[in-house]
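The values are calculated or read from the model by the stated rules, or taken from the named source; none is laboratory data. As the structure is a prediction and not an experimental result, all values here were calculated from the model. So basically every Cβ, Gly included, is an ideal-geometry build from the backbone, and we count neighbours across all protein chains shown.
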């Protein structure tokens, strides 16, 4: 299995910079997601790895070898396209055989490998069908099989699940993870769906406006986001602007703009005097009815609305101009809309992000 | 891809040259100073253009062609537009059949139409009149109007009309203020096309021709059958220049690419189809 | 907007006028084809199939039928070969260039067939472009007889109908999903393989449509074969013209016209049938 390295890769369309000095190293057998909103440059990056676009600057190496100048048909990469791009004029079997024929594999071997690949995606027996006769989920599997049957060094997926309905998406996610681990193939995939990225990838590169904001494991990205964008893009976040007023043995003391002093864990590069954003995930905040409080991080707020969403209940509150969100699995004992409440959280449950507002 | 592109490029430009050659040749040959048609022309002179006024039959034919063309074009548009509207906007039994029916004259050999019309109009007693020409041309021009207006209508998001209705417009208002402006290019294109097709037609006009109702293309045709002296090259050149002028006017106002579907549809909803 | 009467209200006048101008004459012609020519009255009653028999029984006339088919088929092949690269070139171009090229392809359609075919007379004639060039280069001393041959007709037909083929193919190329082309590339197909195995098959609907249009138009063409083939190299439409206008034998002329129509219709049906069963039928659904 191959490694993939991007170093300082840039691509611009006229004045618009689609990708800006992007660097990323994917280890052999690893699965990495490029996650970001539309227009962030993730698909452009994928297309550059595949060879459909040439970078304006920077290097791309596959298995240590630079690939600039190598056309897509010589890169030995497998790719699953967003709308599958199955050949409408060929049967499922011929679709899969295509890549093998290009590699001059002989007839009997082709038949064997095609059969094997179809079994791998649970589509055995559908060799003679045409793409038009298949459902979305089936087409997706055939696309996957077609990419894998040639035994590529790298697998690229462009928004592979975005066209499937929710239930199917869940099922396919698990299948893809399973396949990826079984085959141990280096995988890079592009998505705008954070849930998908969290579920499938071992590492996520969160992208915005052509740059990588943060690369890390799902836990790291979720629990320790480094920028406001990442905090907001993955899951929900409460972001309270404030200023660091002092350093203590337990962490950094921060005065939040809307009032209270709280304590947060130390963060590299942040010192007293800096403007910061205090980030707390909604599920880490606890709601108590208003009363004189115990020590710890707390803020008083008024409940705006309470929404029951099945597995969780979502509470929307305001403290002055600050919006706050709390989620909990236990809807009992929640104050109603209009009532005052106290929100508490542990020091270890919040993080500081370098603030830009102020 | 570079290498392939230049092969394609060279081939294509050679073919474009092939397509333009006869026209260019006529234009140049009409400038000959000699008595006979040759290429390259012997000497350069405009004498044959000056010769044209001395042959009033050509000018008469030009006039007839223009009159018939404008009248057929207008009538074809008046007939074809409501038909297209009915065929595109409504669903009813026989719709596909009627659509095919309106487009069928284009599938028929023009000669068949010519023969049939000659026979029928003689029986109806209207041969040797411009009316026969107009009627004959309607048969081959209405299909173009129906086709072009239909294409324009189909490319328009139908929910725009519904939006107008829900905002309080009556069906007539919705049609005139929303549909018609959006379909105008198709209607204009249809009208322009119908006029040009009528003007250029030879096959039908040939069968319906009489001394008083000889259109220009027919007169050119019969002239060429006997001789092709430079006079007719000059006449043909004028025809080419006239058509070119008309094409430029159409291109400026509507754009030919859009008419034939090689460009994108006008509305975002249609584009996402 | 969905009252059931409305479409018919809109269609009433167009349908009536069109029907009268189109269907009636054709019906009349069919009737005439079954009558007998009479020098004094034009045609006499008594329905008979004599005219058709006369045509189908005479090898001379059948030869003309065969020639018409042959020339139409040749013209179709030549336009396909010439036109496909042009269509591809058009498909690959963008922006203003594409607009101009489209105009270049379409504009000739707007100039009368007479003028376009006449141009070929000037090119191929004894004093025309070809002969003057060859004579000037010393290759020949006597002008070549290029006109009034079957080749001249095929050349003229190709010239007149090329635009239809190009547009048809270009449209079909435009409908191919670019992602499918990329899929072929990533699977290892170089540009030539991508073209032969993916683009060409997927463009076949355009090729079929274009071929159909060019074939039927060539079968029915009148002016071009008349000018470039003359009375010496007759095709079906010229025959109908000759019989009707020059010899005033309306019944026979009508019969010939209907044979032409039938032949064209049968060819189209056979062609469409073949497409339905063929290897790439999936592309046409």
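Here residue B:115 meets each of (1) buried (at least 23 other Cβ atoms within 10 Å of the Cβ); (2) more than 7 Å from chain C (Cβ to nearest Cβ); (3) under 30 Å from residue C:32 (Cβ atoms) with one exception, condition (2).
Given the condition outside any helix (DSSP H, G or I), in contact with a strand residue (DSSP E or B) (Cβ under 7 Å, 6 or more places away or on another chain) and within 12 Å of chain C (Cβ to nearest Cβ), answer yes or no: does some residue in the stretch A:104-111 qualify? For the stretch A:104-111, residues outside any helix (DSSP H, G or I), in contact with a strand residue (DSSP E or B) (Cβ under 7 Å, 6 or more places away or on another chain) and within 12 Å of chain C (Cβ to nearest Cβ): absent.
Residues are listed down the side, and each one gets a yes or a no for (1) in contact (Cβ under 8 Å) with a residue 24 or more places away in the chain; (2) farther than 26 Å from residue C:189 by Cα; (3) in the same structural domain as residue A:204 (by TED's automatic domain parsing):
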residue	(1), (2), (3)
A:30	yes, yes, yes
A:47	no, no, yes
A:53	yes, no, yes
A:82	yes, no, yes
A:96	yes, no, yes
A:100	yes, no, yes
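Exactly one residue out of B:71, B:149 is surrounded by fewer than 23 Cβ atoms within 10 Å (Cβ to Cβ), more than 10 Å from chain C (Cβ to nearest Cβ) and at pLDDT 85 or above, and it is B:71. Of the residues making up the stretch A:40-77, those that are in a helix (DSSP H, G or I), within 24 Å of the chain's Cα centre (by Cα) and within 12 Å of chain C (Cβ to nearest Cβ) are A:43, A:46, A:47, A:49, A:50.
Those helices (runs of 4 or more DSSP H) of the stretch B:130-197 in which 1 or more residues are under 30 Å from residue B:61 (Cβ atoms) occupy B:130-154.
Within the stretch B:28-39, the set of residues being buried (at least 17 other Cβ atoms within 10 Å of the Cβ) and touching a residue at least 12 places away in the same chain (Cβ under 8 Å) comprises B:28, B:29, B:30, B:31, B:32, B:37, B:39.
Listed by first and then second residue, the pairs linking a residue in the stretch B:221-243 that is without any contact (Cβ under 8 Å) to a residue 60 or more places away in the chain to a residue that is buried (at least 17 other Cβ atoms within 10 Å of the Cβ) and not in a helix (DSSP H, G or I), with Cβ atoms under 6 Å apart and 6 or more places separating them unless they lie on different chains, are B:221/B:202; B:243/C:111. Mind checking whether some residue in the stretch C:74-96 is within 20 Å of residue B:244 (Cβ to Cβ) and surrounded by fewer than 19 Cβ atoms within 10 Å (Cβ to Cβ)? Scanning the stretch C:74-96, I find at least one residue that is within 20 Å of residue B:244 (Cβ to Cβ) and surrounded by fewer than 19 Cβ atoms within 10 Å (Cβ to Cβ), so the answer is yes. In summary, residue B:221 fulfils each of the numbered conditions (1) assigned to a helix (DSSP H, G or I); (2) more than 8 Å from every other protein chain (Cβ to nearest Cβ) with the single exception of condition (2). Within the stretch B:26-64, work out how many residues are part of a helix (DSSP H, G or I) and more than 14 Å from every other protein chain (Cβ to nearest Cβ). Going through the stretch B:26-64 one residue at a time, the tally reaches 13. Tallying residues that are more than 11 Å from chain B (Cβ to nearest Cβ) and within 12 Å of residue C:168 (Cβ to Cβ) within the stretch C:77-91 yields 1.
Test residue C:66 against the criterion of being more than 7 Å from chain B (Cβ to nearest Cβ) and modelled with pLDDT under 85, and give yes or no. When the stated conditions are applied, residue C:66 does not pass them. Of all the numbered requirements in (1) at the interface with chain B (Cβ under 7 Å from one of its Cβ atoms); (2) over 14 Å from the mean Cα position of the chain (by Cα), residue C:138 misses one, and that requirement is (1).
Residues in the stretch A:85-96 that are surrounded by 24 or more Cβ atoms within 10 Å (Cβ to Cβ) and over 19 Å from residue C:203 (Cα atoms) were compared, and the one that is nearest to the other protein chains (Cβ to nearest Cβ) is A:96. Just one of the listed residues (C:253, C:174, C:210) is modelled with pLDDT under 90 and either within 16 Å of the chain's Cα centre (by Cα) or within 13 Å of chain B (Cβ to nearest Cβ) (or both), namely C:253. In this entry, residue B:23 is excluded by the filter for residues that are surrounded by 13 or more Cβ atoms within 10 Å (Cβ to Cβ), over 30 Å from residue C:93 (Cα atoms) and within 26 Å of the chain's Cα centre (by Cα).
Among the residues of the stretch B:216-233, the one identified as modelled with pLDDT of 90 or more and within 15 Å of residue B:30 (Cα to Cα) is B:220. Candidates are the residues of the stretch B:118-146 that are more than 9 Å from chain C (Cβ to nearest Cβ), in contact with a helix residue (DSSP H, G or I) (Cβ under 8 Å, 6 or more places away or on another chain) and at pLDDT below 85; the one that is nearest to residue C:250 (Cα to Cα) is B:127. Take residue B:203 and tell me if it is surrounded by fewer than 19 Cβ atoms within 10 Å (Cβ to Cβ) and facing another protein chain (nearest Cβ under 9 Å). Spelling it out, it is not the case that residue B:203 is surrounded by fewer than 19 Cβ atoms within 10 Å (Cβ to Cβ) and facing another protein chain (nearest Cβ under 9 Å).
None of C:267, C:203, C:237, C:218 is under 19 Å from the mean Cα position of the chain (by Cα), crowded, with 22+ Cβ neighbours inside 10 Å, more than 8 Å from chain B (Cβ to nearest Cβ) and on the phi < 0 side of the Ramachandran plot except C:218. Would you confirm whether any residue within the stretch B:239-253 is at pLDDT below 85, surrounded by 18 or more Cβ atoms within 10 Å (Cβ to Cβ) and away from chain C (no Cβ under 11 Å)? Within the stretch B:239-253 (the criterion being at pLDDT below 85, surrounded by 18 or more Cβ atoms within 10 Å (Cβ to Cβ) and away from chain C (no Cβ under 11 Å)), the answer is no, since none of the residues qualifies. Looking at the stretch C:103-112 only, could you name the residues that are assigned to a helix (DSSP H, G or I) and surrounded by 23 or more Cβ atoms within 10 Å (Cβ to Cβ)? Across the stretch C:103-112, the qualifying residue is only C:105. Of the candidates A:153, A:166, the single residue that is surrounded by fewer than 23 Cβ atoms within 10 Å (Cβ to Cβ) and either outside the structural domain of residue A:113 (by TED's automatic domain parsing) or without any contact (Cβ under 8 Å) to a residue 40 or more places away in the chain (or both) is A:166. Annotation for the stretch A:132-141: at least one member residue is within 12 Å of chain C (Cβ to nearest Cβ), in contact (Cβ under 8 Å) with a residue 12 or more places away in the chain, outside any strand (DSSP E or B) and surrounded by fewer than 19 Cβ atoms within 10 Å (Cβ to Cβ).
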